[in-house]
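Asks: I am attaching a structure below and will ask some questions about it afterwards.
The values are calculated or read from the model by the stated rules, or taken from the named source; none is laboratory data. Quantities reported herein were computed from a predicted structural model and do not represent experimental measurements. Quick reminder, even Gly has a Cβ in these numbers, built from the backbone with ideal geometry, and neighbours come from all protein chains shown.
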Amino acid sequence: MKKAAGVSRKVRASFATGRCVRGTYVPSDQATEITRSESFTRPSRVLARFSVDRSLENKNSMLHGFSFRLGSADQRSELFTQNAPVYFARTVDQMFAYLQAHFARPDGKPDVEKINSFSAAHPETLNQANYIAAHPPAESFASTTYWGVHAFPATNAKGETRFIKFKIAPVGQQAIEPKVKIRVKPAELLHEDLESRIAAREIRFSVMALLDRPGDPVMDVTVRWPDEDGREAARLGTIVITGVEANHACDDAGFNPATLADGIGCPPDEMFAARRATYALSQKRRC
Ligand code: HEM
C-alpha cells in the first residue's frame, strides 16, 4: 500500500494526514433494539481522527476518513469510516494486484497502460473511484457523510442478530454545503476548517445503522446493498466532537477494526479478515 501510494514508512499506509479530536457519544433510545453493545448503548468519551487520503488514483479527488473509538474499558469499539460506501477491492489477491498495477514506473510516473488494462479486466475495482467522482468530497470534514463499508452482524439484548452497515451523517447546519464548491480542498485547509469550527461550536454526527434485507450481498465490499440510500435505518446515537487533541494521542492509540465490544461482531468478508492483522502490523512498523 505504501509503495503504491508513494508514502514513507513512518506514516499510515492510507489516510496518512489527519487531525486527532475528542468528544462524546450519546446513545439514542433505539440503540438497544439493534445491539446490546455497551459501546453503542451507553454514553462514553470518544477519541477520533479525521483524515484525508490521496493515494492511488485519488490524486485528483480525495477520500475523507473518520476513525473513532467509543465505549469504555473492556467495552470499547473502534470504527473506521470513509466518504465512499464501497471499497476498491473484493479480495486480498485482487487488492494486491490492484496495488501492483499502481506502482510507479522507474521514472516516477504512473503506468497508465497497466492501470487501464487492470481496470478493464476488473471493473468492480473502479466502484470506489466512480462513487467519489460522482459525489465530490464535501468542503469540510464536518459536512461529510462517512460509511463503515462492511456488513457488521449486530446482536440485540434479545439475542437477535442481523447485518447492519454503519453510516455517519452530519447533523443540522453543518450538513449544508456552500453553493460554490472548490473541487478538491487541500488537506491543510480541511484541517484549519475543522479547528476553527470546533473552536466556534461542537460538531455533531448521527451514528446510523442501515438495516439488512434478505439476500443482501454481505460478503462483497465493492458493492452497495440494493436501494441502500432508501432503506430502513436506525439511529444508534450521536457523536459530539468538542475539542482538538494532540495528534500523538491518535497515533499512539492503535485503533484496530477488530476492537468491537460484544453486540457488534466482525464482518464475515475476506477483506475484514485481512484488516484484523494489517493495522497492528502497520502501527508497529510506523513507530
Ligand atoms: C474496507 C474499507 C476500509 C475503510 C473504510 C478503511 C479506512 C481506514 C481509515 C479511516 C484509516 C485511517 C485510520 C486512522 O485514522 O488512524 C485506515 C488506515 C489503514 N488502513 Fe484501512 N480501510 C479499509 C480497508 C482496508 C484494507 C482492506 C486494508 C488492508 C488489508 C487496510 C489497511 C489499512 C492500513 C495499513 C492503515 C494504516 C493503519 C495505521 O498505520 O494506523 N484498510 N483505513
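Asks: Take Phe96 and tell me if it is of a type outside the set (Val, Ile, Thr) and either touching a residue at least 60 places away in the same chain (Cβ under 8 Å) or more than 24 Å from Pro267 (Cβ to Cβ) (or both).
Replies: no
Asks: Then there is this: List pairs: first residue in the stretch 214-226 and touching a residue at least 24 places away in the same chain (Cβ under 8 Å), second residue away from the ligand (no atom under 16 Å from the Cβ) and acidic (Asp, Glu) anywhere in the structure, Cβ distance under 8 angstrom, at least six positions apart or on different chains.
Replies: Taking only residues 6 or more apart or on different chains, the pairs are Val218/Asp212; Trp225/Asp212; Trp225/Asp216.
Asks: Inspect all residues belonging to the stretch 264-272 and state whether any of them is surrounded by 16 or more Cβ atoms within 10 Å (Cβ to Cβ) and more than 18 Å from the chain's Cα centre (by Cα).
Replies: No: the stretch 264-272 contains no residue that is surrounded by 16 or more Cβ atoms within 10 Å (Cβ to Cβ) and more than 18 Å from the chain's Cα centre (by Cα).
Asks: Now for a separate question. Among the residues of the stretch 67-100, write down those that are more than 16 Å from the ligand (Cβ to nearest atom) and either at pLDDT 95 or above or under 20 Å from Arg49 (Cα atoms) (or both).
Replies: Within the stretch 67-100, Gly71, Ser72, Ala73, Gln75 meet the criteria.
Asks: What number of residues in the stretch 242-287 are in a loop (DSSP other than H, G, I, E, B) and either within 10 Å of the ligand (Cβ to nearest atom) or touching a helix residue (DSSP H, G or I) at 6+ places or on another chain (Cβ under 9 Å) (or both)?
Replies: The number of residues fulfilling the criteria is 13.
Asks: Checking Val221 against (1) hydrophobic (A, V, I, L, M, F, W, C); (2) farther than 20 Å from Ile164 by Cβ; (3) within 12 Å of the ligand (Cβ to nearest atom): exactly one of these is not met. Which one?
Replies: Just one mismatch for Val221, condition (2).
Asks: Right, something else. If only one of Ser67, Ser72, Ser51, Ser44 is within 19 Å of Asp251 (Cβ to Cβ), free of Cβ contacts under 8 Å to residues at least 40 places away in the same chain and in contact with a strand residue (DSSP E or B) (Cβ under 6 Å, 6 or more places away or on another chain), which one is it?
Replies: After applying the criteria, what remains is Ser51.
Asks: Another question, then. Ala16 versus (1) away from the ligand (no atom under 14 Å from the Cβ); (2) free of Cβ contacts under 8 Å to residues at least 40 places away in the same chain; (3) among the hydrophobic types (A, V, I, L, M, F, W, C): which is the lone unmet condition?
Replies: Evaluating Ala16 over (1) away from the ligand (no atom under 14 Å from the Cβ); (2) free of Cβ contacts under 8 Å to residues at least 40 places away in the same chain; (3) among the hydrophobic types (A, V, I, L, M, F, W, C) leaves (1) as the failure.
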